[in-house]
Each structure stands twice: as C-alpha cells, then as structure tokens.
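Remarks on the structure that follows.
The values are calculated or read from the model by the stated rules, or taken from the named source; none is laboratory data. This structure is a prediction, so every number in the text was calculated from the model and none was measured. Counting neighbours? That spans all protein chains shown, and the Cβs are built from the backbone with ideal geometry, glycine included.
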Amino acid sequence: MVGSMKVFVARHGESDWNARSAVCGMGNGMLTEKGKAEAQALADKLKAGQKKNQIKYIFVSPLQRARDTASYTERALGLHAVVDDRLHEVYFGLLEDASYSDSEFNRIKNEPFVSFPEGESLTRTAQRVYNFLDELKAKKLDGNVLLVCHGMMMKVVRTYFKDISMDEFRHFSVSNCALEEYEL
C-alpha cells in the first residue's frame, strides 16, 4: 500500500447495561432495540460513504454487543469481520455492573496506572491496543480498516493517534455508534 491507511473506529450500539447506566467492561451486554437501530444507521452511513472510505477490513471486539453491531456493517459492506481479543473493553474487575457514577470507578478511571480491583489498568489496556495498531500498521494492508469496539477503548485508541492531556482524556466521550477516523 502506498501512503497511509485510514482507520475508522466505531463504538457498539446501546446495550442493556448502557441503558441502565451500568459499567460494562467484559460483561455480556446485549444490544437494545435502540442499539440495533444505531447499528443499522452506522452501517447505512458506512455503506453510503464506502466509495470515499474504501473500507476493506473490519476488526471487532470479541464481546457480543460489538460483534452484533459489526454484523450490520458486515452485511452492508459485504465484508467479514475478524474478531481480535485485543479490542475488548477495559476489564473493570469487581466494578463491572457498578453505576457510571460510582466514586471508586470514577477515581480509578482517572488514574491510568491504577488497576480496577481484580481488573486491568488503562495503561495495560493501552499496551494491548497499541500493540494491535502497531501490528496493523506493519501489515501495510491494501485498504482502509474499521474497528468496532467500546467507549473506553475509543478513548484509548485516540491516545495512539493524538497527544492529549489527562484532562482531555477525561472529557472526551463518544456516544453509541459514534465513528472516529484516523490516519495510520
């Protein structure tokens, strides 16, 4: 491939855990009806922009809510998504299913070197995501790539492409089925 490749990154559609404002890292949240509609809208958007976007590859988190979201785009673009374990959401350990407003959850998510109780740290998450992106870059694929993953993962992916402060990291948020675009 000559030049750089584009990496599109999408968050999964609304899950039942999102709908009740619960922390869902490795939990098996399922898409709600709203989430399914969001996934279809994302697929329609990507299909409409395919001439410009030239997405040839889809990589997806192994978690069901991301795989279900990706399935809409797979059908729309006629592509098969490859599951990559490195794209799973942060493992929040004992804080899985806590409220988004939980004080311990919010304290730890602002401390990248601190692991969630019996979970992983944002630094460990960044390590696996950066390794994935470095490997993707080294492959020199002949087309652009879509990653379907999770909210916190999208924040971490952003740090691979942009130098951002911890304050910017804290305040960057993405809605369900949001789509970001980067040059790799």
Here is a check on your reading of the model: is Val82 closer than 22 Å to Tyr182 by Cα, at pLDDT below 95, of a type outside the set (D, E, K, R) and out of contact with any Asp or Glu (no Cβ under 9 Å at 6 or more places or on another chain)? no
With the structure loaded, tell me whether Asp167 is modelled with pLDDT under 95, assigned to a loop (DSSP other than H, G, I, E, B) and either out of contact with any helix residue (DSSP H, G or I) (no Cβ under 8 Å at 6 or more places or on another chain) or among the charged types (D, E, K, R) (or both) or whether it fails that test. no
Considering residues of the stretch 129-150 that are of a type in the set (A, V, I, L, M) and not in a strand (DSSP E or B) only, the residue surrounded by the most Cβ atoms within 10 Å (Cβ to Cβ): Val129
Sort out which residues of the stretch 1-39 are over 13 Å from the mean Cα position of the chain (by Cα), closer than 22 Å to Lys52 by Cβ and buried (at least 16 other Cβ atoms within 10 Å of the Cβ), and write them in order of number. Met5, Lys6, Glu38, Ala39
Mind checking whether some residue in the stretch 101-124 is under 19 Å from His12 (Cα atoms) and among the hydrophobic types (A, V, I, L, M, F, W, C)? no
For the stretch 103-123 the number of residues that are surrounded by fewer than 16 Cβ atoms within 10 Å (Cβ to Cβ) and either touching a Gly at 6+ places or on another chain (Cβ under 9 Å) or acidic (Asp, Glu) (or both) is 4
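Quickly run through the stretch 86-99 and pick out the residues that are closer than 20 Å to His12 by Cα and exposed (fewer than 14 other Cβ atoms within 10 Å of the Cβ). Steps first, please.
Taking the stretch 86-99 as the starting set, the residues that turn out to be closer than 20 Å to His12 by Cα are 86-92, 96-99.
Answer for the stretch 86-99, where residues must be closer than 20 Å to His12 by Cα and exposed (fewer than 14 other Cβ atoms within 10 Å of the Cβ): just Ser99.
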Quick check: anything in the stretch 90-110 closer than 18 Å to Ser61 by Cβ, β-branched (Val, Ile, Thr) and modelled with pLDDT of 95 or more? yes
